[in-house]
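K.L.:
Below is the structure I would like to discuss, written out as structure tokens.
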Amino acid sequence: MATGGNPNPNAIPGQPRPQQPVPGSSPATPHSHMRPPSMGGSPFQSLFHTTPTHNPAFQIHMGASASPQTPMMAAAAAAAASAKRPPQKPPSRPPAPASAAAAASVAAAYKAANSGSVDLTPAARRNKKRKLPEKQLPDRVAALLPESALYTQLLEFEARVDAALARKKVDIQEALKTPPSLQRTLRIYLFNTFANQAPRTIPPPKTAEPPTWSLKIIGRVLEDGTELDPAGVVPKHNPMYPKFSSFFKRVTIGLDPSLYPENPVITWENARSAAPQEGFEVKRKGDKEFLANIRLEMNYNPEKFKLSQPLMEVLGVEVDTRARVIAALWQYIKAKKLQNPSDPSYFMCDPQLKKVFGEDKMRFAMLSQKISQHLAPPPPINLEHKIKLSGNGANSSACYDILVDVPFPLQKEMTAFLANTEKHKDIEACDEVISASIKKIHEHRRRRAFFLGFSQSPVEFINALIASQSKDLKLVAGEANRNIERERRADFYNQPWVEDAVIRYLNRKPPGGNDGTGAGGS
């Protein structure tokens, strides 16, 4: 029998065979007796996984046919192929992408270009199992263990405690943003000591040390209701309060320039200090008494200002922060009922406010701007102390009291409470132990359900298990979205993307590979 024989074994000899029209060709063109080309040595046989059916375009491009053809048949096939799509030379091999990201972008672009022609079956969506909380027992376990009700009550109590702690932490954080302060009395002790101030002898002894003096400035915060003897000993520093130098921005000590022309001014700045100090000491050589000037510039936090005289008469304060001054003005306007009832954004100025702002009425929005000209830096504190080089040192000491703002006593404890992470680590360790125990309970429950289902109906259980494993295997292998029945039909390979896929497959093979026919193109 010839290889181009009747493909239909049930056909009656002597009767004409039915003819199938070929796309792009005349209906009278006989092609029903042609056999599909052999794919035994085709380089793209593994690409489609099934035996391809007859396609004239493949036959022309590949130049392979297992059945003998007459010149008339070849010409008709060429005409059909040219009518459908003109022959083209396979494109050259594209350069390899420079990186994995570039390769992914090329693949995404190719997929997007062919998305209109290729019908892709979406992957089957698996219902995600709801993940149970790590510390909560499922209802099935609670039904098996009646004692788990106590554990559930403990979890509810823990949730309430955690919520209360979270609220308190938020309150503490908000309080620390604007920390409260208390007014305390800072007592400044000024005194000087001297050494080697004996009467001079002529000639002076060679081993005698030069006369010296030391000026000391020490400060202590006093408790409420405590009174110390000014001539008494300086008390010890209370660690609950800041040190003396923390209350000052700058300290300047001026000496007599006629006695000390080289360095008559000594300046200390808080910004350049590495650590707070309990006091200051200036030591010099000299045997003459003089008057030392001490200038203290306060370090207010938040910053305070000195009020002008008209504003001071209205509010009754001399130095305060901007926020407190504005709040005091609002309380004054509210107490005097100066707000305009027809337009609440304005307030009327009484005679005292007219001295401050110089207007009959003013907008509340302009209050902060207008008040700036009435606020000035606070004046420094100027002290004088006479350096005495004779007599009892206690008689030359002096004390000065000033009001300062000290942090709230519990502020350090609140800050330490927020910064303490040791307790959090202990709680996290206990939570990890509880979570591990809950996981073991989940595992034992699954094992119990597995064996219980097997004991009740072994055959149905095994069949359901095999079906589930088979489904999972198909999903893992990527075969769940393939339509095997459609790939068996010839129409699947007549789509426009097939020819481009074949050309790309052939150009992807190396020239020296086993598939030599694919490397040379058509």
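K.L.:
Sorted by packing (mean other beta-carbon atoms within 10 Å per residue), highest first, where do 439-452, 238-251 land? Show your work: numbers first, answer last.
P.N.:
Working: 439-452: 12.1, 238-251: 17.1.
Highest to lowest by the protection proxy: 238-251, 439-452.
K.L.:
Compute the signed sum of charges (Lys and Arg +1, Asp and Glu -1) over the other residues within less than 13 Å, Cβ to Cβ, of P302. Could you put the intermediate results ahead of the total?
P.N.:
Numbers: positive: K177, K304, R322, R324; negative: E303, D320, D405.
Around P302, the surrounding residues sum to +1.
K.L.:
In what sequence, highest mean first, do 362-374, 153-165 appear when ranked by Cβ atoms within 10 angstrom?
P.N.:
362-374, 153-165
K.L.:
Sticking with this one: If you bin the C-alpha pair distances of region 271-318 every 10 Å from 0, what whole percents do you get?
P.N.:
Final binned percentages: 15, 29, 25, 22, 9, 0.
K.L.:
Would you list, by chain and number, the aspartates and glutamates whose Cα falls below 12 Å from the Cα of K386, excluding same-chain residues fewer than 8 positions away?
P.N.:
Those aspartates and glutamates meeting the cut-off are D256, E289.
K.L.:
Relative to 2.2 N^0.38 Å, what does the C-alpha radius of gyration of region 305-461 come to as a ratio? Two decimals please.
P.N.:
Scaled against compact globular proteins, the figure is 2.35.
K.L.:
Report the FRET efficiency, 1/(1 + (r/R0)^6), for N299 and K355, where r is their Cβ-Cβ distance and R0 is 45 Å, rounded to 0.05.
P.N.:
Once rounded, the FRET efficiency stands at 0.90.
K.L.:
Heavy atoms only, probe 1.4 Å: what % of the accessible area of region 136-192 goes to carbon and sulfur, would you let me know?
P.N.:
60
K.L.:
Another question, then. Working with all protein chains in place, sort W213, W330 by solvent-accessible area computed with a 1.4 Å probe, largest first.
P.N.:
Most to least solvent-accessible, the answer reads W330, W213.
K.L.:
Around L389, with a cut-off of 12 angstrom between Cβ atoms, what is the net charge of the other residues, counting Lys and Arg +1 and Asp and Glu -1?
P.N.:
Taking every other residue near L389 into account, the sum is +3.
K.L.:
Let me ask another. Per 5 Å bin, what percent of the C-alpha pairs of region 386-470 does each bin hold, from zero upward?
P.N.:
3, 9, 7, 7, 7, 6, 6, 6, 6, 5, 5, 5, 4, 4, 3, 3, 2, 2, 2, 2, 3, 2, 0
K.L.:
Right, another one. Could you work out the Rg to Rh ratio of region 286-345, with Rh taken as the Kirkwood radius (inverse of the mean 1/r over all Cα pairs)?
P.N.:
Numbers: Rg = 19.9 Å, Rh = 14.9 Å.
Result for region 286-345 is an Rg/Rh of 1.34.
K.L.:
Okay, next question. With all protein chains present, how much of the accessible area of region 255-353 (probe radius 1.4 Å) comes from carbon and sulfur, to the nearest whole percent?
P.N.:
Answer for region 255-353: carbon and sulfur cover 51 percent of the accessible area.
K.L.:
Moving to a separate point now. Starting from the Cα-Cα distance between A142 and I427, subtract it from 0.36 nm times their residue separation and give me the gain in nm to one decimal.
P.N.:
Extra length from A142 to I427 when fully extended: 100.1 nm.
K.L.:
Of all alpha-carbon pairs in region 352-395, indicate the percentage at a distance above 12 angstrom.
P.N.:
Across region 352-395, Cα pairs with separations above 12 Å total 75 percent.
K.L.:
If R0 is 45 Å, what FRET efficiency do you get for F454 and E174 from their C-beta distance, rounded to 0.05?
P.N.:
0.15
The values are calculated or read from the model by the stated rules, or taken from the named source; none is laboratory data. As the structure is a prediction and not an experimental result, all values here were calculated from the model. Note: ideal-geometry Cβ built from the backbone for every residue, glycine included; neighbour counts use all protein chains shown. Only protein heavy atoms, including side chains, enter the accessible area calculation; ligands, DNA and RNA are left aside. Shrake-Rupley method; radii C 1.70, N 1.55, O 1.52, S 1.80 Å.
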